[in-house]
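Trainee: I have a structure I would like to understand better, so I am pasting it below and will then ask my questions one at a time.
The values are calculated or read from the model by the stated rules, or taken from the named source; none is laboratory data. Predicted model, so just to flag it, every value in this text is computed and none were measured. Positions of Cβ are backbone-derived with ideal geometry, glycine not excepted, and every protein chain shown enters the neighbour counts. Surface areas here come from the heavy atoms of the whole protein model, side chains and all, with no ligands, DNA or RNA. Shrake-Rupley method; radii C 1.70, N 1.55, O 1.52, S 1.80 Å.
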Number of protein chains: 2
Amino acid sequence: MGYTEQEKYMKKAIAQAKLGWKIDEVPIGAVVVKNDEIIARAHNLKEKKGCANYHAEMVAIERACKKLGDWRLVGCDIYVTLEPCAMCSGALINARIDNIYFGAYDPKAGCCGTLYNLPQDKRFNHRPNVQGGILEQECGELLSTYFKEKRKKNVDSRTR
Amino acid sequence: MGYTEQEKYMKKAIAQAKLGWKIDEVPIGAVVVKNDEIIARAHNLKEKKGCANYHAEMVAIERACKKLGDWRLVGCDIYVTLEPCAMCSGALINARIDNIYFGAYDPKAGCCGTLYNLPQDKRFNHRPNVQGGILEQECGELLSTYFKEKRKKNVDSRTR
């Protein structure tokens, strides 16, 4: 209702981020879309997997590959609530995804426009399009609220 | 036997690359070393997994994390036969690895000195040291021979 197509899918990525929060993961979510259908949904699994490879984008890429039976995600777009880091930007290039849509910008590690714009580097053999700032405020507030509550909890547990 | 410490571990990474070749993966191998002990060995698994996330470095990182029970690979070094791409360079930064030693330089996708030197970017919150060119010729020839044979096979199958 009043949402653009891109905002509609970003809402689904936000829903994934919230599922991550429920199991105490940093709330970042992603969905992969092909032909107007969501073919993969994922949230950050770093803590659960005990490995920083498991950012939401990486898990979403793997699930999309499984669904399509192909490592090439041609004709696919990803919607992710936070600007991809170097690892995830590289993975999206390697996976040959068409479009990267992200929510909040990441001033510390963002590699889709902030520190670098890796997907748009002409020297790589594939160049996904990039568009940031989709439901930026909602995506960013989810993260800032999560960290605020986490710090509060840590203070509480220290004073107990 | 005339090998430096670094060449000794690169030899182990090369052995992994050759195991990859046996199952028709592009022959790239990696080992993770902590306190003079190899804690993880891996080769490229992209074809087998049907997903380009499974570069040798990514698999090695995950196995090392499992072994240590920690997503932080502090005090660990990686030895990999080919210069890490953007994804793998980013993953090694995220995993907080100490040193990245690689064999052959990758003119098309290398992000540890060739196209970028991501691990040495002061804006990221961790900066692994990087040293390339260890047993460079052997690592490079493994790849060029693999691709030469693959092209030959393809031509053979087309003419049959």
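Trainee: Report, as an integer, the average count of C-beta atoms from other chains found within 10 Å of each Cβ along A:92-105.
Mentor: 2
Trainee: While we're on this one: Just the number, please: buried accessible area between A and B, total of both chains, 1.4 angstrom probe, nearest 100 square angstrom.
Mentor: The buried area between A and B, both sides summed, comes to about 2500 Å².
Trainee: What base-10 log of the normalised intensity I(q)/I(0) is obtained for the stretch B:42-160 from the Debye formula, alpha carbons as equal point scatterers, at q = 0.14, 0.19 Å⁻¹?
Mentor: -0.62, -1.03
Trainee: On to the next question. What's the ranking of B:10-22, B:123-135, A:82-94 by average number of surrounding C-beta atoms within 10 Å, highest first?
Mentor: A:82-94, B:10-22, B:123-135
Trainee: Roughly how many Å² is the accessible area per residue of the stretch A:1-60, as a whole number, for a 1.4 Å probe?
Mentor: Per-residue value: 48 Å².
Trainee: Moving on. With no other cysteine's Cβ closer than 4.7 Å, which Cys residues of chain A count as lacking a disulfide-compatible partner?
Mentor: Lacking a cysteine Cβ partner under 4.7 Å: A:76, A:85, A:88, A:111, A:112, A:139.
Trainee: With each run of n ≥ 4 DSSP H residues scored as -39500 (n - 2.57), what mean residue ellipticity at 222 nm is computed for the protein assembly as shown after dividing by its residue count and rounding to the nearest 500 deg cm²/dmol?
Mentor: Working: 10 runs with 136 residues, N = 320.
Only helices count here, giving -13500 deg cm²/dmol.
Trainee: Now for a separate question. What's the average, rounded to a whole number, of partner chain beta-carbon atoms within 10 Å of each residue's beta-carbon in A:108-121?
Mentor: 3
Trainee: Further question on the same structure: Against the longest alpha carbon principal axis of chain B, how many degrees, from 0 to 90 and to the nearest 10, is the axis of helix B:5-22 turned?
Mentor: Rounded to the nearest ten degrees, it is 40.
Trainee: Could you pull out every one of the lysines with an alpha carbon less than 19 Å from that of residue B:34, ignoring same-chain neighbours closer than 8 positions?
Mentor: B:8, B:11, B:12, B:66, B:67
Trainee: Now a separate question. At 7 angstrom along the Cα-to-beta-carbon line, where would the label on residue A:141 sit relative to the other copies? Give the distances in nm, shortest first.
Mentor: For residue A:141, the other copies' label points sit at 6.3 nm, shortest first.
Trainee: So which lysines pass the test for residue B:153, namely a Cα distance under 27 Å, with those fewer than 8 places away in the same chain ruled out?
Mentor: The reachable lysines, counting only those whose Cα sits under 27 Å from residue B:153, are B:18, B:22, B:46, B:48, B:49, B:108.
Trainee: Averaged over its residues, how many other protein chain Cβ atoms are within 10 Å of peptide A:42-52's Cβ atoms?
Mentor: Working: counts 0, 0, 0, 0, 3, 1, 0, 4, 8, 13, 13.
Across A:42-52, the average partner-chain Cβ count within 10 Å equals 4.
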